[in-house]
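Worksheet for the structure shown next.
The values are calculated or read from the model by the stated rules, or taken from the named source; none is laboratory data. Computed from a prediction, not measured in an experiment: that's the story for all the values here. Quick reminder, even Gly has a Cβ in these numbers, built from the backbone with ideal geometry, and neighbours come from all protein chains shown. Accessible surface is based on the protein model in full, side chains and every heavy atom, while ligands, DNA and RNA are left aside. Shrake-Rupley method; radii C 1.70, N 1.55, O 1.52, S 1.80 Å.
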Amino acid sequence: MQATKHAESDPKSEDASVQDTAVHGTSDTDPDAQYDFMVVSNRLPVDRCSPDEPGCEDGWRRSPGGLVTALAPMMTKTDGAWVGWHGAPDEQLQPFSHGGIDLVPVQLSTQDIELFYEGFSNATLWPLYHDVIAPPEFHRTWWDSYRKVNRRFADAVIHHAGPGATVWVQDYQLQLVPKMLREARPDLKIGFFNHIPFPPPEIFAQLPWRRAIIDGLLGADLVGFQRSSDAGNFMRSARRFLGASVKQQQVHVKGNDGETTHIARAQAFPISIDVKAISELARNPEIIERAEQIRRDLGNPKTILLGVDRLDYTKGIRHRLKAYEELLADGEVTVEDATLIQVASPSRERVEQYRLLREEVEGTVGHINGTYDTMQNTAVRYLHHSYPVEEMVALYLAADVMLVTALRDGMNLVAKEYVTARTNNDGALVLSEFAGAADQLKQALLMNPHDIDGLKDTIMKAVNMQPAEAARRMRSMRKQILDHDVDLWSADFLNALKEKVIRDDS
């Protein structure tokens, strides 16, 4: 897709210094420019950084995370714009450019972060959409903030979207934006993609504002999900809570007179990764050497097991540690022969449930190491950091077994990154059946993380797998990912959106 930027006023002068660009977010981007293609998400795809940090450019660097990994390659190939919050509360920035992407910042206050983000998004919607693994909280003040912030994002799009523009709204923080856009700009082609699971109606029913959320999503022409089961859950909720008519993935939105006013399509589009980038890094001699160094630093154990997660209660880190501790206690693995590396990236540390989770995980790791460590060997190497992609690929290459034990996950791109990095078709992936990736990576060792005995058996199967079987499984999974990369994901979604709008207009 080619997108065009339309200037409505004279460009800003280009004599601003690099320092001014870094601090204030200014550049030669026209603050009133209009675009034919826009992506909207809670966060912009950049973070602030110090100039001496690796990858820092003009005070910004590309953010880590699945959404940015998925969309940034596509955005750099278009002349579109990305709308989102830049990460600092109570700060107003003008539109600017970074890494070939025009960025439109949306201002959020400290109170917005507390109520809209930490509150409604991450203490109400997140646990509700992840099978109520943790109890969701329902507060009217949080809901009021959610509506107001969604309106702010919608207004930014309305200002910058050119006539008939395509707008792709991302994820659960912005579920009201599609309807707001449709009401103000019916000329727009509106897509929405939900990166996390969508719950069954029996769970979604708990949400006091369930009708407003479904109504907001139905403002889109196309609503995308990770799994077909998520799309099915959404359509059942639309029928149950709004009385919508659902026919072959088409949800008919009715007006007060009972007549259909709009038709939204719900469909699964499993997200993927930038296969080319990961593959190139996996073949980089410096990264291969770094992987070998990691093994040496750990004492060259026979087996390295790896977990890479945000520190989140949905990821099953506690279940993984429990299973591994029992394997050590049973003598199935020994600290001399095996090491578990657990990367737990910091996440939502101001939210109480996440603080408690960190304390529990770190306490468990301390207990395991205190019990089983020797002077030469460590049972669990726990890393509470975020790492650049180069280091992550080195870890993927160093690990013999990848553990993805999510209790509920929309997709899990780590699983796909690990498989892509295994260019020699070795290694083993232990994958939760509750992760969306299980639908595509059928040759992984699938398991139920709630079943600790079953998890232990699966881990040992991975540890003891014969090279021929490991190669057969990995080759099959690699083919699936190489044939379905992030470019195909975005192209499939945008083509489906275009075709849907054309059919509606004909």
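Might you check whether a residue that is under 30 Å from Pro186 (Cβ atoms), among the hydroxyl-bearing types (Ser, Thr, Tyr) and either in contact with a Leu (Cβ under 8 Å, 6 or more places away or on another chain) or surrounded by fewer than 17 Cβ atoms within 10 Å (Cβ to Cβ) (or both) occurs anywhere in segment 330-342?
Taking segment 330-342 as the starting set, the residues that turn out to be under 30 Å from Pro186 (Cβ atoms) are none.
Checked against the condition, which is being under 30 Å from Pro186 (Cβ atoms), among the hydroxyl-bearing types (Ser, Thr, Tyr) and either in contact with a Leu (Cβ under 8 Å, 6 or more places away or on another chain) or surrounded by fewer than 17 Cβ atoms within 10 Å (Cβ to Cβ) (or both), segment 330-342 yields no hits at all.
Mind listing whichever residues of segment 406-433 are assigned to a loop (DSSP other than H, G, I, E, B) and touching a residue at least 24 places away in the same chain (Cβ under 8 Å)?
If we filter segment 406-433 for residues that are assigned to a loop (DSSP other than H, G, I, E, B), which is where we start, we get 406-408, 410-412, 422-427, 433.
Result: Ala406, Leu407, Arg408, Gly410, Met411, Asn412, Arg422, Thr423, Asn425, Asp426, Gly427.
Return the residues of segment 118-143 that are open to solvent by 60 Å² or more (accessible area, probe 1.4 Å) and assigned to a helix (DSSP H, G or I); say none if nothing qualifies.
Arg140, Thr141
Step by step: first the residues of segment 173-210, then only those that are more than 15 Å from Ala238 (Cβ to Cβ) and assigned to a strand (DSSP E or B), then the one that is most open to solvent (accessible area, probe 1.4 Å). Which residue is that?
Residue satisfying both the conditions and the ranking: Lys189.
Hey, can you tell me all the residues within segment 383-405 that are open to solvent by 50 Å² or more (accessible area, probe 1.4 Å) and outside any loop (DSSP other than H, G, I, E, B)?
Correct list: Val389, Glu390.
Checking Tyr354 against (1) closer than 23 Å to Asp47 by Cβ; (2) at pLDDT 95 or above; (3) part of a helix (DSSP H, G or I): exactly one of these is not met. Which one?
(2)
From (1) on the phi < 0 side of the Ramachandran plot; (2) at pLDDT below 80; (3) within 21 Å of the chain's Cα centre (by Cα), pick out the condition that doesn't hold for Pro54.
Condition not satisfied by Pro54: (3).
Please enumerate the residues belonging to segment 211-251 that are part of a strand (DSSP E or B) and open to solvent by 10 Å² or more (accessible area, probe 1.4 Å). Steps first, please.
As a first pass, look at segment 211-251 and keep what is part of a strand (DSSP E or B): 222-225, 245-247, 250-251.
Ser245, Val246, Lys247, Gln250 - these are the residues of segment 211-251 that are part of a strand (DSSP E or B) and open to solvent by 10 Å² or more (accessible area, probe 1.4 Å).
Can we say Ile203 is under 27 Å from His86 (Cα atoms) and over 20 Å from the mean Cα position of the chain (by Cα)? It would help to see each step written out before you state the result.
Working: under 27 Å from His86 (Cα atoms): no; over 20 Å from the mean Cα position of the chain (by Cα): yes.
For Ile203, the condition - under 27 Å from His86 (Cα atoms) and over 20 Å from the mean Cα position of the chain (by Cα) - is not met.
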